Amino acid sequence: MLNPTKLASKNFLSSLDISVEELFHILEIAKNFKNQDFTIELKNKVLGLIFDKSSTRTRVSFQVAMSRLGGTTIDLNPTTSQIGRGEPIRDTARVLSRYCDVLAIRTFKQSDLEEYAKWSSKPVINALTDLEHPCQALADFMTIKEEFIDFENVVLTFIGDGNNVANSLILFGALLGIEVRIACPKGYEPNNLLINRALKIYKNKSLLKITNDPVTAVQGANVLYTDVWSSMGEENQQQEKDKDFLGFTIDKNLVLNADKDAIILHCLPAYRDKEITDEVIESKKSRIFEQAENRMHAQQALLSCLLL
Ligand code: CP
Ligand code: NVA
């Protein structure tokens with residue numbers, strides 16, 4: 001039986017905080033949890049959740065994962081704690097890490113998350129920032145692996161905003177050496193710094209493709225993935241982005257250009273008939289709800305490997 005082993009990094013702030021071997025290990029442990037092949041006891045361990053943005057999946061999947069491990073969770077609502085009053089992160093992090101064994105934080109700036117990690121004596125997990133969503137990417141690659149067994153020859157096409165979700169996919173894609181195509185309107189390309197980090201890892205740099213043409217990007221692809229056009233914190237840009245992203249909807253016609261056995265992913269929540277049609281979400285090719293379920297298994301595995 002495979003037992004969780006401790007990760008080399010104390011924190012999980014970025015997809016690149018783990019090695020490719022550790023990624024495979026987490027996915028394997030997650031599969032075992034899903035198949036109920038074993039139980040791990042993290043009795044008396046406490047996970048603190050600090051969410052500066054709304055969440056359904058991340059919050060609840062962390063809570064249930066922790067409870068399945070025999071531990072508990074404290075949901076630290078920023079508006080009813082002193083966090084919302086503006087207490088410095090370095091003070092909050094030092095105090096909370098004396099109470100909790102691990103913190104999962106959803107916030108805006110990656111630098112704020114890094115500040116928490118710097119001052120926390122316990123592991124800090126990125127539960128989404130404007131830059132990355134690595135916990136989502138764990139579940140995404142778990143879902144892809146369930147379908148295609150290994151990642152060899154898998155082509156992953158992301159259509160939409162080159163934002164947090166796309167960024168974390170690119171970084172895991174680089175670790176795994178798989179072909180990742182990002183199709184976004186001009187001006188919405190992924191962060192340059194992050195692309196450069198990915199290119200440094202890719203042995204074959206041509207496997208990362210950034211394009212403004214969704215139709216060529218989906219040709220023969222095995223996985224089609226999208227996310228909302230306007231992310232949390234961008235509500236005032238919604239009208240403008242809705243116009244800029246016209247033509248970037250995953251609909252039946254676009255899916256016809258992909259491989260015939262292609263699957264469809266979306267991190268959710270979705271705006272149906274904007275970035276993806278209702279018909280495609282509900283189609284046989286959709287693995288969107290398996291993907292959402294896998295958040296829980298993947299995070300249970302992550303917590304096990306961080307809390308050993
Ligand atoms: N996919 C995701 O992170 O969903 P929530 O915003 O509901 O947590
Ligand atoms: N890009 C989206 C992902 C939501 C899970 C956002 O940041 O709002």
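The values are calculated or read from the model by the stated rules, or taken from the named source; none is laboratory data. Since this is a predicted model, take the numbers as computed values, not measurements. Cβ sites come from the backbone with ideal geometry, for glycine too, and all protein chains shown count toward neighbours.
Of note:
- Filter result for T58 (among the polar types (S, T, N, Q) and surrounded by 19 or more Cβ atoms within 10 Å (Cβ to Cβ)): yes
- The residues of region 214-240 that are surrounded by fewer than 18 Cβ atoms within 10 Å (Cβ to Cβ) and either within 16 Å of ligand 2 (Cβ to nearest atom) or at positive phi (or both), listed by number, are G220, M232, G233, E234, E235, N236, Q237, Q238.
- Filtered by the rule that a residue be within 16 Å of ligand 1 (Cβ to nearest atom), of a type outside the set (A, V, I, L, M) and either in contact with a helix residue (DSSP H, G or I) (Cβ under 9 Å, 6 or more places away or on another chain) or under 13 Å from T73 (Cβ atoms) (or both), region 29-54 gives F51, D52.
Each row is one residue, and each column tells you yes or no for (1) under 24 Å from S304 (Cα atoms); (2) more than 16 Å from ligand 2 (Cβ to nearest atom); (3) modelled with pLDDT of 95 or more; (4) polar (S, T, N, Q).
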{"site": "A65", "(1), (2), (3), (4)": "yes, yes, yes, no"}
{"site": "T80", "(1), (2), (3), (4)": "no, yes, no, yes"}
{"site": "I83", "(1), (2), (3), (4)": "no, yes, no, no"}
{"site": "R90", "(1), (2), (3), (4)": "no, yes, yes, no"}
{"site": "C100", "(1), (2), (3), (4)": "yes, yes, yes, no"}
{"site": "F108", "(1), (2), (3), (4)": "no, no, yes, no"}
{"site": "S111", "(1), (2), (3), (4)": "no, yes, yes, yes"}
{"site": "E114", "(1), (2), (3), (4)": "yes, yes, yes, no"}
{"site": "P123", "(1), (2), (3), (4)": "yes, yes, yes, no"}
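- Test: residue in region 203-213 that is more than 16 Å from ligand 2 (Cβ to nearest atom), crowded, with 23+ Cβ neighbours inside 10 Å and modelled with pLDDT of 95 or more: no
- Residue ID - nearest to ligand 2 (Cβ to nearest atom), chosen from residues in region 145-167 that are surrounded by fewer than 24 Cβ atoms within 10 Å (Cβ to Cβ) and part of a loop (DSSP other than H, G, I, E, B): N163
- Failed condition for K252, given (1) surrounded by fewer than 17 Cβ atoms within 10 Å (Cβ to Cβ); (2) farther than 28 Å from F148 by Cβ: (2)
- Matching residues in region 35-78 - criterion: being in contact (Cβ under 8 Å) with a residue 60 or more places away in the chain, hydrophobic (A, V, I, L, M, F, W, C) and part of a loop (DSSP other than H, G, I, E, B): I40, L42, L69
- Failed item, numbered, when V95 is tested on (1) touching a Pro at 6+ places or on another chain (Cβ under 6 Å); (2) without any contact (Cβ under 8 Å) to a residue 12 or more places away in the chain: (1)
- Hits in region 55-74 - residues which are touching a helix residue (DSSP H, G or I) at 6+ places or on another chain (Cβ under 9 Å) and either over 23 Å from K109 (Cα atoms) or more than 13 Å from ligand 1 (Cβ to nearest atom) (or both): V64, A65, M66, R68, L69, G71, T72, T73, I74
- All positions within region 195-215 that are among the polar types (S, T, N, Q) and touching a residue at least 24 places away in the same chain (Cβ under 8 Å): N204, T211, N212
- When each of I105, I170 is tested for being assigned to a strand (DSSP E or B) and among the β-branched types (V, I, T), the lone residue that passes is I105.
- Those residues of region 251-292 which are within 16 Å of ligand 2 (Cβ to nearest atom), touching a residue at least 40 places away in the same chain (Cβ under 8 Å) and not in a loop (DSSP other than H, G, I, E, B), in sequence order: L265, H266, I276, Q291, A292
- Only one of S206, S231 that is out of contact with any Phe, Trp or Tyr (no Cβ under 8 Å at 6 or more places or on another chain), assigned to a loop (DSSP other than H, G, I, E, B) and of a type in the set (G, A, S): S231
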